[in-house]
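Participant: I am attaching a structure below and will ask some questions about it afterwards.
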Amino acid sequence: MNVKRSSGKKIAVLISGRGSNLASLIDACARDDYPAQIAVVVSNRPAAKGLDIARAAGLSAVAIDHTAFAARETFDAEIDKVLRDHDVELICLAGFMRLLANDFVERWRNRMINIHPSLLPAYPGVNIHERVIDDGVRISGCTVHYVRASMDSGPIIAQVAVPVLSNDTADSLAQRVLSAEHQIYPQALRMVADGTVRVSGERVVFAAGEQEAAPLVSPLMVTG
Ligand code: GAR
């Protein structure tokens, strides 16, 4: 993993577990021309493996254990304080498995994005890959979107389609989707951080002349 550099929009990455998407963002932020830097990584689970990834990369890594807070709002307020202490401008949710309350979501409106392992608005929530396989769906994928208060909703920035194979298990499909996640999240964050995309009328619009199609097609499908 590369060492972070310090220029570009200051972002916070919020995680709950493994942190593989965090790792892909750390790598992206290490590139010379990347328009974002990670100011802090926050986990609601103190044992999250992603905190070790953050520390190994020399980043500030903070655990805010949600079980220590009686109300969602006080937990959110503690996160907000850490973000303000680090001058955060943009939030990336990367496997952060807590719902944030409306006040927090509104405070960070259009400055908070999330990655989800389905082609939203299909399959919000959990156990996505099991449900996709049970339904016999042939194409799944992943989505990066601006965050709104209801779970896994908000204006869509980028999506990658991933084939569902007849012998897939939830694990094998999750792996294939995860590889796509690691490609699309850095691309989507770049577009948000450098102003290529913005929200207008609850849809994402691209700055004039920008290439819209690149993140939309899965390279995994170009196999003849
Ligand atoms: C990823 O697949 C991410 O899309 C998903 O959790 C996983 C986290 O993995 N997020 C959601 O389901 C949000 N609704 P990671 O910790 O290795 O990045």
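The values are calculated or read from the model by the stated rules, or taken from the named source; none is laboratory data. Given the structure is predicted, the values throughout are model-derived calculations rather than measurements. All Cβ positions, glycine included, derive from the backbone under ideal geometry; neighbour counts span all protein chains shown.
Participant: In segment 1-83, which strands (runs of 3 or more DSSP E) lie fully inside it and hold 2 or more residues that are within 15 Å of the ligand (Cβ to nearest atom) and within 15 Å of the chain's Cα centre (by Cα)?
Facilitator: The strands (runs of 3 or more DSSP E) meeting that bar are 9-15, 36-43.
Participant: Kindly evaluate A94 against the criterion of being within 22 Å of Q183 (Cα to Cα), surrounded by 14 or more Cβ atoms within 10 Å (Cβ to Cβ) and free of Cβ contacts under 8 Å to residues at least 24 places away in the same chain.
Facilitator: In short, no.
Participant: Tell me, please, whether a residue that is charged (D, E, K, R) and surrounded by fewer than 15 Cβ atoms within 10 Å (Cβ to Cβ) can be found in segment 163-178.
Facilitator: Taking every residue of segment 163-178 in turn, at least one turns out to be charged (D, E, K, R) and surrounded by fewer than 15 Cβ atoms within 10 Å (Cβ to Cβ).
Participant: Modelled with pLDDT of 95 or more and under 20 Å from Y34 (Cα atoms), is that true of D168?
Facilitator: For D168, the condition - modelled with pLDDT of 95 or more and under 20 Å from Y34 (Cα atoms) - is not met.
Participant: Take the residues in segment 179-209 that are surrounded by 17 or more Cβ atoms within 10 Å (Cβ to Cβ) and of a type in the set (D, E, K, R), then tell me which one is farthest from the ligand (Cβ to nearest atom).
Facilitator: Residue satisfying both the conditions and the ranking: R190.
Participant: Pairs only if they're at least six apart or on different chains, beta carbon under 9 angstrom, first in segment 53-64 and on the phi > 0 side of the Ramachandran plot, second of a type in the set (A, V, I, L, M, F, W, C); list them, first residue then second.
Facilitator: Correct list of pairs: G58/V3.
Participant: Also: Is it true that V144 is surrounded by 17 or more Cβ atoms within 10 Å (Cβ to Cβ) and either at pLDDT 95 or above or under 25 Å from G195 (Cβ atoms) (or both)?
Facilitator: So V144 passes the test.
Participant: Go through segment 149-195 and report how many residues are assigned to a loop (DSSP other than H, G, I, E, B), over 16 Å from L90 (Cβ atoms) and over 12 Å from the mean Cα position of the chain (by Cα).
Facilitator: The total comes to 10.
Participant: In addition: Could you please give the count of residues in segment 105-144 that are part of a helix (DSSP H, G or I), in contact (Cβ under 8 Å) with a residue 24 or more places away in the chain and either of a type in the set (S, T, N, Q) or within 16 Å of the ligand (Cβ to nearest atom) (or both)?
Facilitator: Looking only at that region, the number is 5.
Participant: Something else: Looking only at segment 85-100, decide whether some residue is aromatic (F, W, Y) and either more than 16 Å from the ligand (Cβ to nearest atom) or outside any loop (DSSP other than H, G, I, E, B) (or both).
Facilitator: No: segment 85-100 contains no residue that is aromatic (F, W, Y) and either more than 16 Å from the ligand (Cβ to nearest atom) or outside any loop (DSSP other than H, G, I, E, B) (or both).
Participant: For residues that are under 23 Å from V204 (Cα atoms) and acidic (D, E), tally how many sit in segment 131-160.
Facilitator: Total satisfying the criteria: 1.
Participant: Further, regarding this structure: May I ask you to say which residue of A63, A71, A39, A77 is buried (at least 19 other Cβ atoms within 10 Å of the Cβ) and among the aliphatic types (A, V, I, L, M)?
Facilitator: Checking each option against the conditions leaves just A39.
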